[in-house]
């Protein structure tokens, strides 16, 4: 039988629960009542007529109109503009937010305006000045052109200004420094020119600044030392020069910093050791003066550290295992020496490790953590036998080292051909040409060349060797911020060009970092190398869409020599979906040929998707300029050798990963 108490006799804990529940109920009732009152009041208010005229004029110039969620019966400040509908939801675009508390609840002012990813055209409309209460302006991913006007400095209510992914041009007006309430400013991926105005140092409330691929250059002004509230700075792929400023070491609130593909000279400031709030640090492509890793000693909150191609010297810190939050470490393409610290392979969070293209020596550690599933140690001087774990890891690239790979030791299929000096068929060549359909199936071109299949499941740390030991491919790199990455681009669009085979361009191999093709067992002598490209990702510039603003740039090396720097496929071809063939004369002296496509941090990062950049190639062909003495006939088994073995025609080396970074 249940015991019942009069309410005044309830045990203390039950009475407190009852009172708490009543308090919560009354609070919710009051909140709902207040919200209803505000909405009800707003519904009786009207939008400032001058702002209505301005908004109508802006939308007319931009060829856009209000959605049905607001502007009900011709009243802009209605519906989703006042009722709490999610401002940045896709159906609510373009969108406004209004504040209807003015003049005793009879007047509404527009405080937020969003016209996002609609491919609208026009200029920065002067009627925006009439929106005197505007705090939030977001017009990214359109095709707005012309200069950013000086009068923007009068829009002093703004706290957020985002105009990225457009075609604005001209200098950044110094008057932008008048917007002293700004906490977020984004004008990346535009066509601005000149330098950063020193007046931007007045924006002392600024917390986020996105200026990647903006078109500006020169040194970062000394006045930026005032920006001590900075939390995020992304400034990659802009021609900023000089030294990375020491004063950034005083931005102790910063948690994400990116300088990639700039023109900075080293060293990296030692003052960066004070940036203990950093979670993500990406610096690459530094010139002239080297740096050590001493500055990271206090940065124990890092989850993502990428110092790629940054002239880093010395050894990997012996206490690297103490960085227990670190998930991604990329120190590739530097001058690191010494051995691999044992603790590096047993960190609790480390998942991706890139140490390729250094001068590391010694043996691989005998053990590694289960969570570490992607490792690049290519192009070092590592030696000894391979530990058992190499056969179970999903992504592993060990090419061009000095490992012992005889029958008495653990081996990975094809790796023996891709050690230093490329020993397969060394001094006993079999071939004088090779042809590859990058990312695709075997295809005979209109030039009667048979391009061989290359459609293996390339991942972020992969190598594959054909079973005939005729050619090989190696890839290294992670796509930054990209979900569901693919290392191949497919298209059914028709690629045009002179003396090309359109079907060759239906697939292209894509890499976020370093992509190499090798010819193996080649007879020594002069060769002609033909590389075929077509930009099949971006829109044509003539369409004037934000997706036409993408810009791909990478470097090409052959036999270790730089033959093309900052190669831009669409610029070279005169547009997208147009083939371009680059021809090079090279010499083979040690029975192998290496073609290297390298991303040096340049080009847009986020068009048409977040994390889209890097080398793209459709076909490779190399043939001797002399009459060969070798038969060129491969063994009867045709396919790929990979670190997982031989299966059918091609064998995937690993699985594609879902989390990606530069």
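The values are calculated or read from the model by the stated rules, or taken from the named source; none is laboratory data. Because the structure is predicted, anything quoted here is derived from the model rather than measured. Note that we place each Cβ from the backbone using ideal geometry, even for glycine, and neighbour counts take in every protein chain shown.
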Is there a residue being closer than 21 Å to residue 162 by Cα, touching a residue at least 60 places away in the same chain (Cβ under 8 Å), touching a helix residue (DSSP H, G or I) at 6+ places or on another chain (Cβ under 6 Å) and part of a helix (DSSP H, G or I) anywhere in the stretch 59-73?
no
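Of 84, 79, 105, which residue is surrounded by fewer than 21 Cβ atoms within 10 Å (Cβ to Cβ), in contact with a helix residue (DSSP H, G or I) (Cβ under 7 Å, 6 or more places away or on another chain) and on the phi > 0 side of the Ramachandran plot?
None of the others qualify; the one that does is 105.
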Is it the case that some residue within the stretch 173-189 is in a strand (DSSP E or B), over 17 Å from residue 227 (Cβ atoms), touching a residue at least 12 places away in the same chain (Cβ under 8 Å) and under 27 Å from the mean Cα position of the chain (by Cα)?
no
Which number in (1) touching a strand residue (DSSP E or B) at 6+ places or on another chain (Cβ under 7 Å); (2) free of Cβ contacts under 8 Å to residues at least 60 places away in the same chain marks the one condition that residue 212 misses?
(2)
Can residue 446 be described as at pLDDT below 95, surrounded by fewer than 24 Cβ atoms within 10 Å (Cβ to Cβ), within 22 Å of residue 399 (Cβ to Cβ) and out of contact with any helix residue (DSSP H, G or I) (no Cβ under 7 Å at 6 or more places or on another chain)?
no
Check whether at least one residue in the stretch 573-591 is out of contact with any strand residue (DSSP E or B) (no Cβ under 6 Å at 6 or more places or on another chain), within 30 Å of residue 240 (Cβ to Cβ), buried (at least 17 other Cβ atoms within 10 Å of the Cβ) and modelled with pLDDT under 95, and report yes or no.
no
Taking strands (runs of 3 or more DSSP E) that fall entirely within the stretch 387-499, which contain at least 1 residues that are under 24 Å from residue 522 (Cα atoms)?
395-397, 433-438, 450-454, 461-466, 471-476
Residues in the stretch 412-426 that are touching a helix residue (DSSP H, G or I) at 6+ places or on another chain (Cβ under 9 Å) and either loosely packed, with under 15 Cβ neighbours inside 10 Å or without any contact (Cβ under 8 Å) to a residue 40 or more places away in the chain (or both): how many?
1
Taking the criterion of being under 18 Å from residue 87 (Cβ atoms) and not in a loop (DSSP other than H, G, I, E, B), would at least one residue in the stretch 145-156 satisfy it?
no
Within the set of pairs 6 or more residues apart or between chains, which connect a residue that is surrounded by fewer than 17 Cβ atoms within 10 Å (Cβ to Cβ) inside the stretch 122-141 to a residue that is modelled with pLDDT under 95 and outside any loop (DSSP other than H, G, I, E, B) with Cβ atoms less than 6 Å apart?
none
Identify, by number, the condition in (1) touching a helix residue (DSSP H, G or I) at 6+ places or on another chain (Cβ under 7 Å); (2) closer than 30 Å to residue 164 by Cβ; (3) not in a loop (DSSP other than H, G, I, E, B) that residue 532 doesn't meet.
(2)
What residue, among those in the stretch 528-543 that are surrounded by fewer than 24 Cβ atoms within 10 Å (Cβ to Cβ) and over 23 Å from the mean Cα position of the chain (by Cα), is farthest from residue 168 (Cα to Cα)?
528
How many of the residues in the stretch 260-278 are in a loop (DSSP other than H, G, I, E, B) and crowded, with 17+ Cβ neighbours inside 10 Å?
9
Among 614, 574, which is the only one that is within 30 Å of residue 214 (Cβ to Cβ) and without any contact (Cβ under 8 Å) to a residue 12 or more places away in the chain?
574
Filter the stretch 79-103 down to the residues that are part of a strand (DSSP E or B) and under 16 Å from residue 118 (Cα atoms), then identify the one that is farthest from the chain's Cα centre (by Cα).
96
Within the stretch 334-356, the count of residues that are touching a residue at least 60 places away in the same chain (Cβ under 8 Å), surrounded by 22 or more Cβ atoms within 10 Å (Cβ to Cβ) and assigned to a loop (DSSP other than H, G, I, E, B) comes to 1
Applying the selection to the stretch 240-254, what residues are closer than 12 Å to residue 229 by Cβ and in contact with a strand residue (DSSP E or B) (Cβ under 7 Å, 6 or more places away or on another chain)?
254
Take residue 372 and tell me if it is under 22 Å from residue 475 (Cβ atoms) and either touching a strand residue (DSSP E or B) at 6+ places or on another chain (Cβ under 7 Å) or at pLDDT 95 or above (or both).
yes
